[in-house]
Structures are given as structure tokens and as C-alpha cells.
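Visitor: Got a structure for you, questions after.
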Amino acid sequence: MSTLDSKTPAGPIKDKWTNHKSNINVVNPANKRLIDVIVVGSGLAGGAAAASLAELGYNVKCFCFQDTPRRAHSIAAQGGINAAKNYQNDGDSIYRLFYDTVKGGDYRSRESNVYRLAEVSANIIDQCVAQGVPFAREYGGLLDNRSFGGVLVSRTFYAKGQTGQQLLLGAYSAMSRQINKGKIKMYNRHEMLELVLVDGKARGIIARNLVTGELERHSAHAVVLGSGGYGNVFYLSTNAMGSNVTAAWRAHRKGAYFANPCYTQIHPTCIPRSGDYQAKLTLMSESLRNDGRIWVPKSKENVEAIRSGKKKPIDLSADERDYYLERRYPAFGNLVPRDVASRAAKERCDAGYGVNETGEAVYLDFSSAIMRYGQEKANILHLENPSKEKIRELGEGVIESKYGNLFQMYEKITDDNPYKTPMMIYPAVHYTMGGLWVDYNLMTTVPGCFAAGEANFSDHGANRLGASALMQGLADGYFVLPYTIGDFLADDIRTGPIANDSPEFLEAEKETKNRLDALINNKGTKSVDHFHKRLGKVMWNQVGMARNGPGLKEAISEIQKIREEFYKDVFVPGTTNEFNPELEKATRVADFLELGELFAQDALEREESCGGHFREESQTEEGEALRNDKDYAYAAAWEWTGTPRGSKMHKEELTFNDIELKQRSYK
Amino acid sequence: MNLTLKIWRQKEAKASGSMETYKVSEISEHMSFLEMMDVLNEQLINEGKEPIAFDHDCREGICGSCSMYINGEPHGPDRGVTTCQLHMRKFKDGDTIHIEPWRAASFPVIKDLVVDRSAFDRIIQSGGYVSVNTSGNSQDANAIPIPKEDADNAFDAATCIGCGACVAACKNSSAMLFVSAKVSQLALLPQGQVERKERVLSMVDQMDTEGFGNCSNTGACEIECPKGISLDNIARMNRELLSAKI
Amino acid sequence: MAINKGFLNFSILRKFAMALSGLFLVIFLLQHLTINLTSVFSSDAFNSLSHFMGTNPLVQFLLQPILAFGVFFHLSMGLVLEIKNRNARPIKYAYSKPEENSSWMSRNMIITGVMIMLFLGLHFYDFWFPELKLKFIDGIWNNETRYFIELQHKFHDPIRVALYVLSFVFLSLHLMHGFQSAFQSIGFRNKSYTPFIKKLSSIYAIVVPFGFVCIAIYHFLAQ
């Protein structure tokens, strides 16, 4: 075990980034034209990085597996993006955003990175507005804000429930401009299957053209991974069907350390599972918790009555309902951070209070908010003695203007009208805080290989606050990486073009081809999904919201078994040289099967509870997560040695100079 | 429920395709349409046959990947939804469901139900953006107040997911709704004013070059659009182009 | 650069021209109907109005060529657009339900348009060609009373009347979509006027062709 150097610049935290920018190497504009950069992924991090690097003058090649960069899964983020603008004059500041993020992450993130994130957050909003992103506005024409879980100020900018879409389309438009200029060469329907190292530096990738099946060798002076998170290791998650770990995992196998794989965010407000055929879970924005109250019945009789359809949720009086978040966390109430809200839901459901057939659902109820807004609206309209129905109608109008698309989505999926009856929700895997270990420059342990956005581990610690993923993706892509990559590339101005037919490239190509051929030629009996589902089940049951030592050990051996079986018995139809979605799935699941084991191992190693990682052995008497700062105030970065089991852990000690470590409390 | 599916199969772009018939059984009404397709594919794989290729990704109606022409309508019989949000409760036991890819000269079929929609990308690349660098040195976000109504209208136009249902629904395979949504969004915002004229000219020119048809104002696109993009945008684009050209 | 391209090289401007010519024809129809209506009430009024239209140099040598061009342009551009639109979808859907999202009229402007074109052929054969022959070949310009007689003469034949009536049905269907669609094509659409235009369009599309039908039937029955 060795310690890792994050290369965080010295000096007071508020000057670190400014000083760093002034001191690092810069590539002059003429030389930037001589340098190629590969960007894998076209979401907020990848897309923003590709656009910004191209604007600076680098020659960018950008890869995405979707048919267009505009479909990256950042598009599905609903609620909003945080920024320390303090437009609401409620005492927000860079420091407060920094503090909230570190605290929300349960003190397992790198202070300097988080501060930088908070520092550039305001620029993101300026930038996006300049690009034509239509954020929500107030009647005076200024930007509107809302509040999110885990914070006490309103700093979240939003575009109805489609903020991610609007921000992504902003990045996509910036990319489109550079594609038009020829500065970005876009490779749609291409998937990175291998990272190529030349002389120890990341110099290119092997990508598969998903339409023709052809393997392509692409060289560059540096490789940026903005390939997102790995929540799909759980099979069921709110991630897109195509979201995968392959790009990051291939880099990991080539020497990039993988940090904190066990930090997973389970989002509290998702639509509950309805059956085994289910392929994916749907998130309902956390912003709903601004106005919705979460509850289950107080008595088991009522639970039974509701499950059997004898009673409806609206039949229960306020006394018969247990608003358990408001009960347990009076200060934050329904707006506790995601990990806390998720575990509280699980606690109630495990205790037998789940309100649907599977026993895995709680209510998210808008009736109070509807009546409150309705009354406000009636006052504005000067209605005298409005009837209850009138107030309800007005209130529903207000709720519709705030969350209309989410309510519509819920109704389409469940066939229930959430204006009339409470929504049913349950936690689901949503985001992975872990990822490739990066230094302050966002460079992984492979020189020249950078990771941005959800693909890296740096900013969210053990739990991410709502509306911070968009912030981090864009911060990394627009404002951090374009500067810091110069520090590495400054040495490459005389290198000249990187040849893509060197032995390293040919070897990597051959190895990738063999891997694909092996899958196709396996001719087993079970589909890829079969194995993915089994992996997901193990992950959810043993490595999900609550974990314990014996369970994790069991999970590790289970995953090994599934992996063995996978290579023995998987059936991938078709051939390698054609459009073959099953083959795409197979390569992704193969990597998930390795990651899953490392994931469980990391969870086993960390014998404390922190953020999204809850070890049953480490909890307070009240059942709250109990951190152990003495032994675990570090980031665990795993080095690949040939098998997941043999992975070697390196520690980056986390020091907190500007924030006092406290046991998190939202009571 | 038990269903008969008639699905377009086409090996690759150059191959000629045909409608094939499949049967699926024990489909739950709570399934999404794509989950039903998953069941069919699993069945085909277990029979050692090649599964049906179709585009899909987020499965929550926002990425715009899914693109099936179901029973004679893009994204199927429901309104305001993409194929992934269409649920089987919209169908009855014993139904025959016809599934085809988007049909347009500008959207060539890649395989089975997968089409190439890169023409949309090229239209955006021709000018569907504000030419500002991502330096972050732009002015403060609140420096220019924008009337709420304009911001809301711009947002409504900007919610287009680029799925191509408008093209698929239009008898002329016209891309007017898609193009006008972007033109409108930027024409409504102060940030879009500088390049307003050039943008609409370039984008419409590219749209024509790609081979999309003309707008006959049938209104089919608006009805089939999963995001409810309004025909107002097309009228606005017509005005924009006219004023840019005169 | 797109900015230097010719006016009719933009699909939208082709539609714009189509709409303008269409609206011009809509106005012409109204004028035509008004004059025809007088034939029901007074043969003299009809004759004198017709004579004015047939001999006034401004009408003959300015308005008439414009009208002819408008008809020709609307028709030929319609065909050009139809070909372009067909090329935009070389492979048709095997199974399609367009009625779920659009009206028959809006989808079949080419059919109703071509039917109107065929009708125009008949109409020109009946009235315009003889008129041209009379005026430009025979050189007879001053017969002020022939118009009503010619009209009556033509509507003597029940088959011709039936053809006229059928054509006006097609005209009605064409107008039902075309009138309001033209406003959309020129970008004239807003919350307060558009519903009115749509209503006006429907009324016009029914009343004007119906007017022509009534006149035709009246003259048939009156004989």
C-alpha cells in the first residue's frame, strides 16, 4: 500500500485554483494546432471538454456510442444545477457551497477540488445563459432558483424538470459549432474498447464502429474520459441502458487507479419496480421533495388495507400517517440528503410498512402543497371564500407549472394520477461517486489519460448532493480540464503526430479483436441479459443500500461464479463485423462483472458508514450512519494487478484544513 | 396478453428488407413497449435467432433514441410519449402490432428498426447555436433580464429531443418542426439576436440539402411530437426566413 | 453562403410563394363569385359587368395576365413541391394511419388540386377559349349582351352541370385546408387571430364553392 499524491497546489484554499492556473504550463496557440486530443463521451463533461478544447485550438476527436452526441445520459438529469450566485440573497457563498458539498459528501472528498468546483460554479451559469440555455425565470426577467436536499439556501438553477437536457443541448451546440469548423471530428456510434499506452503515456484508443463492426485505431497526444458512471452494474438503475463502465474500466486495467468504487448513490425518489421484466428504473426529480411530503401508514392494519385495495391512501387521516422524515429529521424534514432519505425509506419498508404489492414503496404526497399553493393563488386573485375544490384546482395549476412534465411522466408509467393520489416512490441506484482516481489536474495515474465528470471520483465524496452532478460535469469540461490538460501537453509540442500503426496500437487492436471473437465464438446457451440480471441481483441485495461483512464476502464469491459462468455459457448472436447490439452489451457486461467484484471488495474494506456507503456494523444507536474518521479518512484507489481479487489498494489521505470534521446531522 | 407482431427486418443498409411476423405471449399490461421488445428479443436469442435491432437508451422519454413507427404512427397510439414511455396497456390481448422504422430519404435504415438521423446533427451544425466561446468570461447571467414569457416559449421550443417523429409522421418527411424549434428558441432569446438572420438561412438551407420534404401544414408533426412542440414554431421560422431574405 | 441563394431555392420561400399565389386566387374567386351572382338577379347587370371585365384594358392586359400567371404558378409549383415531397420518402410505410394525426384535405391537396386543374381545362374550353377566339381572332369586342346567353347555353347540359358541381366539391376541399394553411406558410399565426382565420377559412371554403354550385344549378333549373 502506498500513498497517492494529489498534486494539490499549496496556499490558502481560496487562492489555490487561481495560483495554479497562473503557474501551470500553457501551450501556445500555434502549437495547440499540432496537438490531438481524444475525448470519449459527449455528455456534460465530455461534450463541454471537447468543445472547449477545440475552441482553444486543439484537434479534437470525440467518441460516443449513441447516434448523436445530444443523447448522452446527462440529458436525463431533471432537477437543476447548483451555483453559488447568491441571487436570492439568502447568504449563499462559494464557501457555503463548498461546505455543503463536503458535508453532503460525508467528508470523503478532496477539499481543494470541491472548493474549485464551488468557485467556478457561478461561471457555468453565465456561460450557459450566453449559450442560450433557457433557464426558468421570474416575472421580472431574472433567473429563478429552487432548493434541493441537504442545503439551507436556494441555489439551484433549473429549466423545469429538464435541466440536464437544456445544459447538454448547450454543450452540444458548442460542440456543433466546432464540428462545423472542423475542429472536432465526431465519431458517433463508436465505442471505446481499449486504451492504448505508448511509452507509459495514454496515446490513443481502440474503438469499434458500431455500425460496421470495424475496429479502428485512433491516436492522440492525450485521452479524456468523460464516459459517465457505472450504476448499471446493478442492472436496474436510473442510468440509460447503454451507460457502461467499459471506457473507465479499460483505462483501469491499463494502470489508472479506480477510486472508491463502493460509493453509490441510491436516489430516494424513483418509481417503484413493477415486475421482473423491468429493464430500467425511472427517477422522479428530487425537486419534488420541495413540495411533496413522504409518508407511510402508522399502523400495519392500514398497510394491509392499502395493499389489498380496501383503503386508498387519501382515506387515511393525518394522524394515521407517519411522515417519518419530518419525524426523524425535524430541521431538514423531507429535504434531507439523498442517502439519508433512501435509507429511511428502506428502514420503513423493511419494517413492513411498504405500501405496494412488493412492499417496496412509500408515498410522496402533494396534497398539502396543492392546498397551500391554491390558497396563495386564491389570495392573489382576491377570491373571497373560495371553495375547497376551487383551491385544489388552483393549487394543481401551480404544481403543474412547477412539475408538470414529471407528473405527466409518472402518470404515463403508472397509470395513476399524482394530482389526485399520492405518488409511490422507492430508492434506486442513480449515480456513482466513485470512479477513476484523478489528481488536481484531473489526470489519472496513467499520464495523459484524464477523467472528467461522473467518470472520476473527486468531488462528491461518499454522497453527492442534488443538482451537483451537472455542476461538476460542466465545471470539469468547460473550466478545469481545458486549463489543466495544458500542463501535460506542454511537453508534447515537439512530439508530432502520434502514429496509429505502432506495435502498441496493433497489439491492442489484436487483443480487442480476440476478446470480441471469443464472445461471439462462445456459443453458449444464455443471453447476456441473463448474466447481467444475476449480477444486478447480487449487487442490489448484498452491495446495495445496506452492506455487511459476511454479505459482501458472499457477494464477491457469487460474482466470481457468475463471471466464470458468463465466459462458459454466454450466447452472443450474430457476428463481430456488423451492427450487433448484443455484442455491445456483452463487452459491457464482461467489464461490469469485474468491476462488481472490486466494488464489493472496496465496500468490504471500508468498515465504516459514510454517505451512500452504509455498513450495518457501523451505525449509531438510532440507526444513523457512523463514520470512522480515524481509520478511514482516505480515498481508496485500487490498482489492477490482473484480477479484481488481486487489486492493490493505494490510499490518498484526505485532510481537512478548512472544514471541521463533524458527524453529519440533519436533525 | 398475447400479441402478433409484424416487424420490419433488414440486415443492413444496402439489403432489402421485409415485414416478418412474430408472436409473443404473457405480456403484462404494465410493461413498456420496449420491455415487450426485450421479451421478444430474449425469446429470439433463446431460439438461436438474431434479435431485432432498435435504438433505445434512456428509456424515460428524454434522450430521443427510440424511434418506432407503431401501428401507423410514430411512437405508437399514445400522445405525448416516446416509444419507451408507451405502455402495453394501450393494446389489447390478441392485437396485431405493426412496427416499422422511420421512413425518410434523409433517415436511411441502418438495420431493422435503426435509422441514421445524422442529418439532424448536420442541420444544427450549420448554425443552431450561439457563437460564444465557453470561456466563462461572458457577462453575468442576470445582466440581461428576459421576459418570462419569452424564456418560457424558448424553453418550450428547446425541449425538442431530436427523435425525428415529426419527420416520420409528416407525409412529406419534412423536418420543419425540428428545425423551427431550434430557430425559435434562439430567435426568442436576446443571446440569439446577433446571428439571427444567418442562422435561419443556413439551417433551412441545410435542411433542404439533406432532402427533407416541404411543409404542407398538415399538423401531423405537432400531434405526434412526444414533447408537444407547437406549430407556432414553424410559423415563426417562416417569418424569420422571410425577414432574413428580404 | 446560404444568404446569397436565390429566393425560390429555399423550401420555405417556395411555400411562401405558393401561399401568396393561393391567397391571390382566393381573392379572385370571391370577385368571380360576386359577378356570377348577379346573373341570378339581373341579366343586364351580369352582362354589363362581364362586358366591363372583358373589355377594360386594365383588366384585360394587366389583371388577366397576372391571374393567368398566378394560376400557372400555383399549379406548377404545386407539382414541383409534390415531386420533391415524394422523393423525400422513397419507401412508403407498409402500415400507416395518417388519419390519426391529420385531415384528409391537408394530405391530399395534390388530388384536389389536380381535379381543379382538370376542371379549369373544361372551364377554359367552355368560356375562355371561345372568348379569346371571339375577341382576338374574330375581332368582335362590342357585343354587350352575349354573356348571359352564353352562360345559359352552357348550363343547359346536365352532365356539364354535374361536372361543375363535382369540381366545386373538390374546390371546397382544397380551400378547406389551403386558405388557412396559406396564413401559416407566410408566418401569420398568433393566439388571437389564428382561431378566427381557421373559422373564416372553413366558412369561405363552404360558402364560395356552394355559391358557384347554386348558380350553376339555378341556371340549369331556370331553363
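Visitor: Just to verify a result, which residue in region B:131-150, among those that are at the interface with chain A (Cβ under 7 Å from one of its Cβ atoms) and under 15 Å from A:Ser52 (Cβ atoms), is surrounded by the most Cβ atoms within 10 Å (Cβ to Cβ)?
Guide: For region B:131-150, the residue satisfying everything is B:Thr134.
Visitor: Which ones in region B:1-26 are in contact (Cβ under 8 Å) with a residue 60 or more places away in the chain and hydrophobic (A, V, I, L, M, F, W, C)?
Guide: Those that are in contact (Cβ under 8 Å) with a residue 60 or more places away in the chain and hydrophobic (A, V, I, L, M, F, W, C): B:Met1, B:Leu3, B:Leu5, B:Ile7, B:Trp8, B:Ala13, B:Met19.
Visitor: Out of everything in region A:139-156 that is under 26 Å from B:Ser131 (Cα atoms) and facing another protein chain (nearest Cβ under 8 Å), what residue ends up being surrounded by the most Cβ atoms within 10 Å (Cβ to Cβ)?
Guide: Step by step, filter region A:139-156, then rank; the result is A:Leu143.
Visitor: With respect to A:Gly228, determine if the residue is on the phi > 0 side of the Ramachandran plot, part of a loop (DSSP other than H, G, I, E, B) and either free of Cβ contacts under 8 Å to residues at least 24 places away in the same chain or surrounded by fewer than 24 Cβ atoms within 10 Å (Cβ to Cβ) (or both).
Guide: Considered against the rule, which asks whether it is on the phi > 0 side of the Ramachandran plot, part of a loop (DSSP other than H, G, I, E, B) and either free of Cβ contacts under 8 Å to residues at least 24 places away in the same chain or surrounded by fewer than 24 Cβ atoms within 10 Å (Cβ to Cβ) (or both), A:Gly228 comes out as no.
Visitor: Filter region A:408-447 for residues that are among the polar types (S, T, N, Q) and without any contact (Cβ under 8 Å) to a residue 24 or more places away in the chain; which is farthest from A:Gly105 (Cα to Cα)?
Guide: Among those residues, the one meeting the criterion is A:Asn417.
Visitor: Of all residues in region C:180-217, which are among the hydrophobic types (A, V, I, L, M, F, W, C) and closer than 30 Å to C:Pro158 by Cα?
Guide: The answer is C:Ile203, C:Ala205, C:Ile206, C:Val207, C:Val208, C:Phe210, C:Phe212, C:Val213, C:Cys214, C:Ile215, C:Ala216, C:Ile217.
Visitor: Could you list, in sequence order, all residues of region A:43-75 that are buried (at least 24 other Cβ atoms within 10 Å of the Cβ), of a type in the set (A, V, I, L, M) and within 11 Å of chain B (Cβ to nearest Cβ)?
Guide: Answer for region A:43-75, where residues must be buried (at least 24 other Cβ atoms within 10 Å of the Cβ), of a type in the set (A, V, I, L, M) and within 11 Å of chain B (Cβ to nearest Cβ): A:Ala48, A:Ala49, A:Ala50, A:Ala51, A:Leu53, A:Ala54, A:Ala72, A:Ile75.
Visitor: Now for a different question. Here's a check for you: in region C:45-72, which residue that is surrounded by 17 or more Cβ atoms within 10 Å (Cβ to Cβ) and hydrophobic (A, V, I, L, M, F, W, C) is nearest to the chain's Cα centre (by Cα)?
Guide: C:Val71
Visitor: Of all residues in region B:162-200 being under 17 Å from C:Phe10 (Cβ atoms) and of a type in the set (D, E, K, R), which is farthest from the other protein chains (Cβ to nearest Cβ)?
Guide: B:Arg196
Visitor: Within region C:170-186, identify whether any single residue is closer than 20 Å to C:Gln31 by Cβ, touching a Leu at 6+ places or on another chain (Cβ under 7 Å) and either surrounded by 21 or more Cβ atoms within 10 Å (Cβ to Cβ) or not hydrophobic (A, V, I, L, M, F, W, C) (or both), and answer yes or no.
Guide: yes
Visitor: Sticking with this one: Which one of B:Glu29, B:Glu20, B:Glu42, B:Glu47 is surrounded by fewer than 18 Cβ atoms within 10 Å (Cβ to Cβ) and under 28 Å from A:Ala72 (Cα atoms)?
Guide: One residue alone meets the criteria, B:Glu42.
Visitor: Now a separate question. In region C:85-105, which residues are buried (at least 17 other Cβ atoms within 10 Å of the Cβ) and either part of a helix (DSSP H, G or I) or more than 7 Å from every other protein chain (Cβ to nearest Cβ) (or both)?
Guide: C:Asn85, C:Pro98, C:Met105
Visitor: Go through region A:580-636 and count every residue that is surrounded by fewer than 24 Cβ atoms within 10 Å (Cβ to Cβ), in contact with a strand residue (DSSP E or B) (Cβ under 7 Å, 6 or more places away or on another chain), polar (S, T, N, Q) and over 20 Å from A:Val245 (Cα atoms).
Guide: 1
Visitor: Restricting attention to region C:137-145, does a residue exist that is in a helix (DSSP H, G or I) and either farther than 30 Å from B:Trp8 by Cβ or hydroxyl-bearing (Ser, Thr, Tyr) (or both)?
Guide: Within region C:137-145, one or more residues are in a helix (DSSP H, G or I) and either farther than 30 Å from B:Trp8 by Cβ or hydroxyl-bearing (Ser, Thr, Tyr) (or both).
Visitor: Could you list all residues from region B:82-102 that are part of a loop (DSSP other than H, G, I, E, B) and buried (at least 23 other Cβ atoms within 10 Å of the Cβ)?
Guide: Listed by number, the residues that qualify are B:Thr82, B:Leu86, B:Pro101, B:Trp102.
Visitor: Among (1) crowded, with 24+ Cβ neighbours inside 10 Å; (2) not in a helix (DSSP H, G or I), there is one condition B:Val183 misses while meeting the rest; what is its number?
Guide: (2) is the only condition that B:Val183 fails.
Visitor: In region A:77-122, what count of residues is obtained for those that are hydroxyl-bearing (Ser, Thr, Tyr) and assigned to a loop (DSSP other than H, G, I, E, B)?
Guide: Final tally of qualifying residues: 4.
Conditions (1) over 15 Å from the mean Cα position of the chain (by Cα); (2) at pLDDT below 95; (3) farther than 24 Å from B:Glu29 by Cα, marked per residue:
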{"site": "B:Thr82", "(1), (2), (3)": "no, no, no"}
{"site": "B:Asp93", "(1), (2), (3)": "yes, no, no"}
{"site": "B:Thr96", "(1), (2), (3)": "yes, no, no"}
{"site": "B:Ile99", "(1), (2), (3)": "yes, no, no"}
{"site": "B:Trp102", "(1), (2), (3)": "no, no, yes"}
{"site": "B:Asp112", "(1), (2), (3)": "yes, no, yes"}
{"site": "B:Arg117", "(1), (2), (3)": "no, no, yes"}
{"site": "B:Asp121", "(1), (2), (3)": "no, no, yes"}
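Visitor: Could you run through region B:197-223 and say how many residues are crowded, with 24+ Cβ neighbours inside 10 Å and charged (D, E, K, R)?
Guide: Number of matching residues: 1.
So that you can scan it fast, the table gives a plain yes or no per residue for (1) outside any helix (DSSP H, G or I); (2) in contact (Cβ under 8 Å) with a residue 40 or more places away in the chain; (3) more than 19 Å from C:Ala17 (Cα to Cα); (4) acidic (Asp, Glu):
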site: C:Phe188; (1), (2), (3), (4): yes, no, no, no
site: C:Pro195; (1), (2), (3), (4): no, no, yes, no
site: C:Ala205; (1), (2), (3), (4): no, no, yes, no
site: C:Val213; (1), (2), (3), (4): no, yes, yes, no
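Visitor: Filter region A:1-25 for residues that are without any contact (Cβ under 8 Å) to a residue 40 or more places away in the chain and hydrophobic (A, V, I, L, M, F, W, C) and give the result.
Guide: The answer is A:Ala10, and nothing else.
Visitor: If I ask for residues that are crowded, with 24+ Cβ neighbours inside 10 Å and assigned to a loop (DSSP other than H, G, I, E, B), which ones from region A:200-225 would you list?
Guide: A:Ala220, A:His221
Visitor: Here's another thing I want to ask about it. Could you list all residues from region A:487-540 that are of a type in the set (Gly, Ala, Ser), away from every other protein chain (no Cβ under 14 Å) and either under 23 Å from A:Gly596 (Cα atoms) or outside any helix (DSSP H, G or I) (or both)?
Guide: A:Gly496, A:Ala499, A:Ser502, A:Ala518, A:Gly536
Visitor: Follow-up. Can you name the number of the only condition in (1) within 25 Å of the chain's Cα centre (by Cα); (2) crowded, with 24+ Cβ neighbours inside 10 Å that A:Asn188 fails?
Guide: Evaluating A:Asn188 over (1) within 25 Å of the chain's Cα centre (by Cα); (2) crowded, with 24+ Cβ neighbours inside 10 Å leaves (2) as the failure.
Visitor: Going through region A:170-197 one residue at a time, which ones are farther than 15 Å from B:Asn133 by Cα and either of a type in the set (Phe, Trp, Tyr) or out of contact with any Leu (no Cβ under 7 Å at 6 or more places or on another chain) (or both)?
Guide: A:Gly182, A:Lys185, A:Met186, A:Tyr187, A:Asn188, A:Met192, A:Leu193, A:Glu194, A:Leu195, A:Val196, A:Leu197
Visitor: Sticking with this structure for a sec: Is it fair to say A:Phe98 is closer than 18 Å to A:Ser285 by Cβ, out of contact with any Lys or Arg (no Cβ under 7 Å at 6 or more places or on another chain) and among the aromatic types (Phe, Trp, Tyr)?
Guide: Against the criterion (closer than 18 Å to A:Ser285 by Cβ, out of contact with any Lys or Arg (no Cβ under 7 Å at 6 or more places or on another chain) and among the aromatic types (Phe, Trp, Tyr)), A:Phe98 does not qualify.
Visitor: Looking at region A:570-579, is at least one residue outside the structural domain of A:Ala251 (by TED's automatic domain parsing), crowded, with 22+ Cβ neighbours inside 10 Å and in contact (Cβ under 8 Å) with a residue 60 or more places away in the chain?
Guide: Looking through region A:570-579, none of the residues is outside the structural domain of A:Ala251 (by TED's automatic domain parsing), crowded, with 22+ Cβ neighbours inside 10 Å and in contact (Cβ under 8 Å) with a residue 60 or more places away in the chain.
The values are calculated or read from the model by the stated rules, or taken from the named source; none is laboratory data. Keep in mind the model is a prediction, meaning the values are calculated, not measured. Backbone-built Cβ (ideal geometry, glycine too); neighbour counts: all protein chains shown.
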